[in-house]
Every structure is written in structure tokens, then in C-alpha cells.
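Each remark here refers to the structure printed beneath this line.
Bear in mind these aren't lab numbers, they're just calculated from the coordinates by the rules spelled out. This one's a predicted model, so the numbers in the text were calculated from it and none came from an experiment. FYI the Cβ positions are ideal-geometry reconstructions off the backbone, even for glycines, and counts take in every protein chain you see.
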Amino acid sequence: MQEKAEQGIWPTKTPLGYRNITGPDGKKIIATDAALAPIVAKLFEWYARGVISLREAARMAHDAGLVYAKSGAKVPMSAVHTILRNRLYAGQFEWNGKLFQGKHEPLVSIDLWEQVQAILDGRFAKKAKHGKRDFAFSGLIECHACGCAVVGEIKKERYVYYHCTGYADKCQGKPVTCRKYLREEALEAQFTELLEPIPFRWNRDRL
């Protein structure tokens, strides 16, 4: 695998938008998936505008036909986040801590990929059309200390943090815990780690 990586060949299973094939020299390489590659490319373009949430991006991708080939299941929001973070789509990839230039066809430009990373990092997030920010994880989480809803908030006009609403009377007994703030990037990483394996495990059970 390390040798393939050093040759610019992605050495393992491909992400959505690519497929594993055998090249002219008999080596396993990756090539674009004619059905899914255009949708993945569009997904980057949609999100790069900076006006939609991950949930909205996932819905748009579903409507365009982004599903798992074997099961036909819709790609979850956690997988959409993983796609948008994956440098492979821009023609490069990381392997064992090193960055390699791939020989495969990129689906997006480096500039577009970096623009999406900036938005995911909360640096250039724009407000929604009606002036109200649509936070990706609002309504999905509650405070472990008091049970109140956890909501998003923009700090310094660029960074997204989540915190307890503090509406319940029981928050008064736990002021330190309920006032903690968590960056959106840290929350995304936790959701991705928890949810990303689920569709793959479900697919194996169906095979």
C-alpha cells in the first residue's frame, strides 16, 4: 500500500464518486464513477457558496441521486461531511502522514476544495437568506447536565460554537457545566466518528 501511495495511486477502497478498476499495466487503480462523480462535484459547488448547512447539502445530494451503489441507501449527513473533507477529490491524498499527488482524475479543483474547507472551518460562513443562520447540529443535541437544548452561536462573526440554552431551572445548580462552549469543528469530528461506520456495517449485514 505504501508503494502504491508513493506512485500516486490510491491504495485502498475508493470513496463515493470513484471506482476501483484494473489499469492497462494490470495494476489496481481508481477511476471516476460516471453516475456519482458529477453529483459529488456538484456537492462541492453547492457547499462552496457558503449559504447552506450540511443537512441541506445532504438533502440536495439525495435529490440528485447520491446513494450507496449496493444498498441504494441515502448517504447520511456524516458521510457528506467526510466527502467534503476528503482531499482525494482534488487530486491529492494523505497516506501514513504524508501528502501525495494522485494520478487519478480530480473531481474538483484545489481552489474549490480549499474554499469548502474554509467554510467548514467556520472562517467564511455566510448568513442564510432570511438573516438567520442555519446551524447544522441545532435540534440534535441536548445538554448532558440538565437536558436543555444545545444551540449554535457565531462568535467574532466567523466561528461557530455550541452551548446549552440554560432555560431550565436545574441549570442553576450546574452553572459551570451548562456554560461550556464547544467549537463546531470538534462536534463535527465526534459525529463523524460515531456515525460514519454505521452504513458500512449495515451494508455488510445485508450482503
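Per-residue counts of other Cβ atoms within 10 Å, averaged by peptide: what ranking do you get for 50-58, 76-84, highest first?
Ranked by mean Cβ neighbours within 10 Å, highest first: 76-84, 50-58.
Among CYS143, CYS164, which comes first, second and so on when ranked by fewest other beta-carbon atoms within 10 Å?
CYS143, CYS164
Out of residues 5 or more away from GLY102 or on other chains, whose amide H comes under 5 Å of its own, with H placed 1.01 Å from N in the peptide plane?
Amide H neighbours of GLY102: GLN92, PHE93.
Please work out the Kirkwood hydrodynamic radius for segment 2-126, using every pair of different C-alpha atoms, and report it in angstroms with one decimal place.
After inverting the pairwise mean of 1/r, the radius is 15.1 Å.
Starting with the fewest neighbours, write out VAL116, VAL160 ranked by other beta-carbon atoms found within 10 Å of each beta-carbon.
Lowest count first: VAL160, VAL116.
Using the structure shown, select from LYS13/LYS42; LYS13/LYS70; LYS27/LYS74 the pairs with a Cα to Cα distance greater than 20 angstrom.
LYS13/LYS42; LYS27/LYS74
Across segment 19-24, in residue order, what do the Karplus-derived ³J(HN,Hα) couplings come to in whole Hz, using 6.51 cos²θ - 1.76 cosθ + 1.60 with θ = phi - 60° and x for Gly and Pro?
The phi angles translate into 9, 7, 9, 9, x, x Hz.
At 0.36 nm per residue, and after removing the present C-alpha to C-alpha distance, how many nm does the segment from HIS144 to MET1 gain when stretched out fully?
47.2 nm
With the crude spin-label approximation of a point 7 Å out along Cα→Cβ, what separation in nm comes out for GLN117 versus ALA31?
So the label points at GLN117 and ALA31 sit 3.0 nm apart.
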